[in-house]
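Starting off with a structure, shown below.
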Amino acid sequence: MWVRGLALGSAIARWWGRQGLARAIALLLSLTIGSWVLGALPAQATLNDDNFDGNIFALYAGNGSLVPPRVTLAQSRERQRPTLLVFFVDDSRDCKRFSSTISQLQAFYGKAADFLPIVADSLPLEPVADPLQPAHYYRGVVPQTVLIDQSGKVLLDRAGQVSFEELDDRFRAVFNLLPRSESVELRRREVNEVNVELVPEPAKPASKAQSTNRDR
């Protein structure tokens with residue numbers, strides 16, 4: 001009787017062992033498939049599609065600090081600083097491609113102007129009359145770029161892609177900078193014949209022939 005009970009117990013243990021193994025295999029397969037799916041999703045979203053894959057400024061421009069903006073439009077106007085409004089959504093190929101242009105501009109002008117990328121989906125549907133609210137300038141398209149100068153005047157309101165060169169020209173006009181054709185660096189114009197706010201040009205190294213002649 002005792003032997004029969006031991007044999008029955010062994011059979012039950014083997015059955016539970018097989019069931020436990022099956023459950024372990026099923027769990028392992030589920031985890032593997034799940035991790036593969038989760039890992040594949042971000043790779044499916046690329047620069048040239050309309051899929052959502054997170055903060056486009058962090059992913060495609062390497063500048064996650066742009067979103068959310070550090071100041072509001074009202075604060076920027078109070079400080080009388082130029083403001084660049086950029087209306088965007090994260091699931092737009094045009095916005096993805098445009099994000100790097102905005103990041104490059106911020107690298108040059110971020111200390112003197114306020115950059116405010118605004119998620120278009122967060123704006124109210126009704127028109128907003130208050131010029132201190134970003135929704136006042138939104139025209140229902142993305143990307144849309146609005147440049148406001150220190151006095152609150154709109155200097156640029158463009159839908160779609162805008163080249164870095166065009167935006168740079170507008171910023172140079174705002175800050176009274178030399179044209180790009182005359183200066184690669186951000187240098188001020190001459191105020192008058194006495195007061196000059198230009199960074200002096202570095203001295204050009206003398207050629208070998210000139211150095212030889214001087215040595216003689």
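Search the range 80-95 for residues that are on the phi < 0 side of the Ramachandran plot and part of a loop (DSSP other than H, G, I, E, B) and pair each with any residue that is surrounded by fewer than 20 Cβ atoms within 10 Å (Cβ to Cβ) and of a type in the set (Phe, Trp, Tyr) when their beta-carbon atoms are under 7 Å apart and the residues are at least 6 apart or on different chains.
From the range 80-95, the pairs are Asp90/Phe52; Asp91/Phe52.
In the list Ala129, Ala203, which residue meets the criterion of being of a type in the set (Gly, Ala, Ser), open to solvent by 70 Å² or more (accessible area, probe 1.4 Å) and modelled with pLDDT under 95? Before the answer, list the steps.
Numbers: Ala129 fails: modelled with pLDDT under 95.
Exactly one residue qualifies, and that residue is Ala203.
Would you tally the residues in the range 68-79 being open to solvent by less than 70 Å² (accessible area, probe 1.4 Å) and not in a loop (DSSP other than H, G, I, E, B)?
Qualifying residue count, the range 68-79: 4.
In addition: Could you list, in sequence order, the residues of the range 142-171 that are in contact (Cβ under 8 Å) with a residue 24 or more places away in the chain and open to solvent by 50 Å² or more (accessible area, probe 1.4 Å)?
Our first condition is that a residue be in contact (Cβ under 8 Å) with a residue 24 or more places away in the chain; within the range 142-171, this holds for 142-152, 160-164, 167-168, 171.
Hits for the range 142-171 are Gln150, Ser151, Gln161, Ser163.
Examine the range 87-95 for a residue that is within 21 Å of Asn176 (Cβ to Cβ), open to solvent by less than 40 Å² (accessible area, probe 1.4 Å) and of a type in the set (Ser, Thr, Tyr), and state whether such a residue exists.
No, every residue in the range 87-95 fails to be within 21 Å of Asn176 (Cβ to Cβ), open to solvent by less than 40 Å² (accessible area, probe 1.4 Å) and of a type in the set (Ser, Thr, Tyr).
Among the residues of the range 107-118, write down those that are under 13 Å from the mean Cα position of the chain (by Cα) and open to solvent by 50 Å² or more (accessible area, probe 1.4 Å).
Correct list: Ala107 only.
Further question: Name the residue, out of Ala107, Ala135, that is under 27 Å from Phe52 (Cα atoms), of a type in the set (A, V, I, L, M, F, W, C) and in contact with a strand residue (DSSP E or B) (Cβ under 9 Å, 6 or more places away or on another chain). Walk me through how you get there before you give the answer.
Numbers: Ala107 fails: in contact with a strand residue (DSSP E or B) (Cβ under 9 Å, 6 or more places away or on another chain).
Every option except Ala135 fails the conditions.
The values are calculated or read from the model by the stated rules, or taken from the named source; none is laboratory data. Please read these numbers as outputs of a predicted model, since none were measured by experiment. Virtual Cβ from ideal backbone geometry, glycine too; neighbours counted across all protein chains shown. In case anyone asks, the SASA skips ligands and DNA or RNA and just uses the protein heavy atoms, side chains included. Shrake-Rupley method; radii C 1.70, N 1.55, O 1.52, S 1.80 Å.
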